[in-house]
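Here's the structure, in structure tokens; my notes come after.
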Amino acid sequence: MVRTRFAPSPTGYLHIGGARTALFCWAYARKHGGTFVLRIEDTDRERSTDASTQAILDSMQWLGMNEYEGPYYQMQRLERYRAVSDQLVQQGHAYYDYSSREELDALREAQRERGEKPRYDGRWRPENAKRLSLTPPPGAKPVIRLLNPDDGEVTFNDLVKGPITVANAELDDLVLMRSDGIPTYNFGVVVDDIDMDITHVIRGDDHVNNTPRQINIYKALGAKLPQFAHVPMILGPDGERLSKRHGAVSVMQYEEEGYLPEALMNYLARLGWSHGDEEKFSRDQLVEWFDLEHISKSPARFNPEKLTWLNQQYIKEADDARLATLTVRFLLADGIDTADGPPLVNVVALLKDRATTIKALADAAVYFYRRVDAPDELVQQHLTADVRPALAELRERLAATDWDRAKISETIKAFLAEHKLKLPKIAMPLRVMVAGTTHTPPIDATLELIGRDEVLARIDKALQAQDF
């Protein structure tokens, strides 16, 4: 059975790159009827926080990747890592290293001065320690290092990048367990992946250099290797590594800005993977189509405009009741009570075709619930003295009109025909008076939803303004 895993470190938010990796792992497991495992790598005790862990879980939930085994926590598995590292020492595949931090710093500095690559020199390997007559310093707590092979090569077939070979001579004796009993990343991840029967390790290509080291740990433990697939990093629009200066990089920040999870999921899936020319697809289609063969070997570029366009398409298709539920949060945050106006579900139905985000949808809905003063430049441009008599007359016609969209439209059309006016000559001033903007849905639908009494009151206020 295919078993994939996503193993974030809870030292901050779940960023876009991590979410894309999780999505690929999730989709691959679902495609093959397998299991997706969530593992929290919380061994960085200084930086790992419960809040960060919750942010990861919330992000996974929001994106719809909440069908997983786990979560497992590394800090709850310390005894297991100690047992495995002790086993490796007993079998001669690892050893205790009593070097102090000062000794190691001096070693690296000397190597740099000689123009050599800084690396551990193996002084505490059993045969070297015996030759050098090294004895454990009193009270010192050792680390445990892997006895890495001195010769030969590590070769693996990366399911994205192809065959990769690294000489063992390029690898030094990796620390497996720190002196405080906490596993290093490379050791913890191997023990976890073995214990959790992970068959496919799909992760960012910043881990390619870790893979040969991890393979040697697998070999020392006599364990079957998983298949590795390293996906390319995500760059910003300028070709630099994606960072905060490019905008939002946290998954939950996109929720806060009003993006739909299905839109972000869709966009992330297309960052470095493709199914023909398909740009927009459902979660079920992603699972049906996803493979590793069509993951690009080149870095993907994050395009905020494309994500926003995709979000707009999903908003257009979204259920009105769902949109209303999402929109009300933004309105309440601005102190707007939607009980004081038309049903929000009707408002979002009217506005959603133009909205790029839920936040933009909420911003566009404001004038349905409270009067919005138009900027001076719009007042001066559209509410001119020559149009005032016509607007006053139209106001009386509207006051006598049955208040539904069709009747409002008939009244305005008849008025325009009678006065030989084009629609913009009247519609634009009406929008400025009742909505405070020139950008609204059709004027008849807008007036209908705002309501007769409120429309007439807003027109009266505008007509009575002294600077009119």
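The values are calculated or read from the model by the stated rules, or taken from the named source; none is laboratory data. Worth saying up front: this structure is predicted, and the values here are computed from it rather than measured. Cβ: placed from backbone, ideal geometry, glycine included. Neighbour counts: every protein chain shown. Side chains included, ligands, DNA and RNA excluded: accessible areas come from the protein's heavy atoms. Shrake-Rupley method; radii C 1.70, N 1.55, O 1.52, S 1.80 Å.
Could you tell me the center-to-center distance, by alpha carbons, between the stretch 114-144 and the stretch 389-468 in angstrom?
Each part's Cα centre sits 86 Å from the other's.
Within the chain, what percent of beta bridges assigned by DSSP are antiparallel, to the nearest 5?
55 percent
What number, in percent, do you get for the relative contact order of the stretch 1-159 if the mean sequence gap of Cα pairs under 8 Å and at least 6 apart is divided by its residue count?
The value is 20 percent.
More than 18 Å apart: what percent of Cα pairs in the stretch 252-373 qualify? Show your work: numbers first, answer last.
On the way: 4087 of 7381 pairs.
The answer is 55 percent, as a whole percent.
Between 0 and 90 degrees, rounded to the nearest ten: what's the tilt of helix 101-113 against the longest Cα principal axis of the chain?
Helix 101-113 sits roughly 90 degrees off the main axis of the chain.
Just to check I understand the Karplus step: with θ = phi - 60° and J = 6.51 cos²θ - 1.76 cosθ + 1.60, what whole-Hz values come out for the stretch 45-54, glycine and proline as x?
5, 6, 10, 6, 9, 5, 5, 5, 4, 5
Please state the charge dipole magnitude for the stretch 242-389, taken about the Cα centre, from unit charges on C-beta atoms (+1 on K and R, -1 on D and E), reported in debye and rounded to the nearest 20.
320 debye
Any idea what the dipole of the chain comes to, in debye rounded to 20, about its Cα centre with Lys/Arg Cβ at +1 and Asp/Glu Cβ at -1?
The dipole of the chain has a size of about 420 debye.
Taking Rh as the Kirkwood radius computed over C-alpha pairs, what is the Stokes-Einstein D of the stretch 358-418 at 37 °C in a medium of viscosity 0.692 mPa s, expressed in µm² per second?
Once the numbers are plugged in, D ends up at 235 µm²/s.
What is the Cα convex hull volume of the stretch 78-226 when expressed per residue in Å³?
Looking at the stretch 78-226, the number lands at 132 Å³ per residue.
Over the stretch 1-154, with every protein chain in place, what whole percent of the accessible area is carbon and sulfur at 1.4 Å, could you tell me?
Numbers: 3780 of 8160 Å².
Carbon-and-sulfur percentage of accessible area, whole number: 46.
Quick one: 3J(HN,Hα) in Hz for the stretch 413-426, Karplus 6.51/-1.76/1.60 with θ = phi - 60°, rounded, Gly and Pro as x.
5, 5, 5, 5, 5, 4, 9, 6, 10, 7, 3, x, 4, 9
Compute from the Cα atoms of the stretch 35-109 the Rg and the Dmax, the latter being the longest Cα-Cα distance, and quote both in angstrom.
Here Rg and the maximum Cα pair distance are 18.1, 50 Å.
For the chain, what is the largest minus smallest coordinate of the Cα atoms on each principal axis, given in angstrom and ordered from greatest to least?
108, 44, 39
Expressed as an acute angle from 0 to 90° and rounded to the nearest 10, what is the orientation of the C-alpha long axis of helix 304-317 relative to the principal long axis of the chain?
Taking Cα atoms only, the helix is inclined about 60 degrees.
Report the dimensions of the stretch 282-327 along its three principal axes from the alpha-carbon atoms, largest first, rounded to Å.
Largest first, the stretch 282-327 extends 41, 26, 13 Å along its Cα principal axes.
What do you get for the angle between helix 16-31 and the principal long axis of the chain? Use alpha-carbon atoms, 0 to 90 degrees, nearest ten.
So the inclination is approximately 80 degrees.
From Cα pairs below 8 angstrom and at least 6 apart in sequence, can you work out the relative contact order of the chain, rounded to a whole percent?
12 percent
Would you calculate, for the chain, the mean residue ellipticity at 222 nm contributed by helices, counting each DSSP H stretch of 4 or more residues as -39,500 (n - 2.57) and dividing by all residues, to the nearest 500?
-14000 deg cm²/dmol
To the nearest 20 debye, what is the magnitude of the charge dipole of the stretch 79-234 about its Cα centre, counting +1 on the Cβ of each Lys and Arg and -1 on the Cβ of each Asp and Glu?
220 debye
Using a probe radius of 1.4 Å on heavy atoms only, what accessible surface per residue do you get for the chain? Whole Å² is fine. Mind showing how you got there, number by number?
Working: 22550 Å² over 468 residues.
With all protein chains present, the chain gives 48 Å² per residue.
Using Cα pairs closer than 8 Å and at least 6 residues apart in sequence, work out the relative contact order for the stretch 229-357, in percent.
30 percent
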